[in-house]
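Following: one structure in structure tokens, then a few remarks.
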Amino acid sequence: MQLDKVHTLRVMAIAQAVLWQRGHLKLAALITCSASDNQDTQQISSMGIGRLSDELQREIIALYPYQRYTLKREKTRPQHPPLQAIDILARQFHMRDWVLMLPDELTHRLVGNSLSRRYPCPYDIRNALGKLTIEVAKREIHQPLQENTPHAIVR
């Protein structure tokens, strides 16, 4: 099933609002950003991206104890799909700079002014994605959605 443009924009707006209200400002901003054309200017996000903290890694592994094993010549290495997904997303966001599409007041809250809409990938993007992963896991375990609640129905 594919959503048409209007429904896609609605879903993006809902996701952005939920992330913003739950304190995931950097991730909320990235939802509606557009990729910056770096041909005429230097890329801002050249300082790299940070590692996922050991504490967050341990908590994610405890919440998602699933592992996939790949056979190497010398040993078998466990791979944790949530940690791999965080790493893939972080690298994809880091490959480009972004242009904020937030309203001026939200842009000001995020970057300190509403004049510049250029937004490099945050240095701590892996930790931000890790915190969201933990929040989603805990919500699924402790607060399952009821079928009749407004949150379970997206129109």
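Odds and ends about this structure:
- In region 5-39, of all residues being closer than 22 Å to Arg96 by Cα and of a type in the set (S, T, N, Q), the one that is surrounded by the fewest Cβ atoms within 10 Å (Cβ to Cβ) corresponds to Gln39.
- Of all residues making up region 64-97, the number that are at pLDDT below 90 and either among the aliphatic types (A, V, I, L, M) or part of a strand (DSSP E or B) (or both): 9
- Taken together, Thr133, Thr107 contain a single residue that is within 16 Å of Val18 (Cα to Cα), of a type in the set (Ser, Thr, Tyr) and modelled with pLDDT of 85 or more, which is Thr133.
- Positions within region 108-125 being within 30 Å of Gln57 (Cα to Cα) and of a type in the set (Ser, Thr, Tyr), in sequence order: Tyr119, Tyr123
- Candidate set from region 117-138 (those that are part of a helix (DSSP H, G or I) and among the charged types (D, E, K, R)); member that is surrounded by the most Cβ atoms within 10 Å (Cβ to Cβ): Arg126
The values are calculated or read from the model by the stated rules, or taken from the named source; none is laboratory data. In this text the structure is predicted, and so the values were computed from the model without any measurement. Here Cβ is always computed from backbone atoms with ideal geometry, including for glycine, and neighbour counts include all displayed protein chains.
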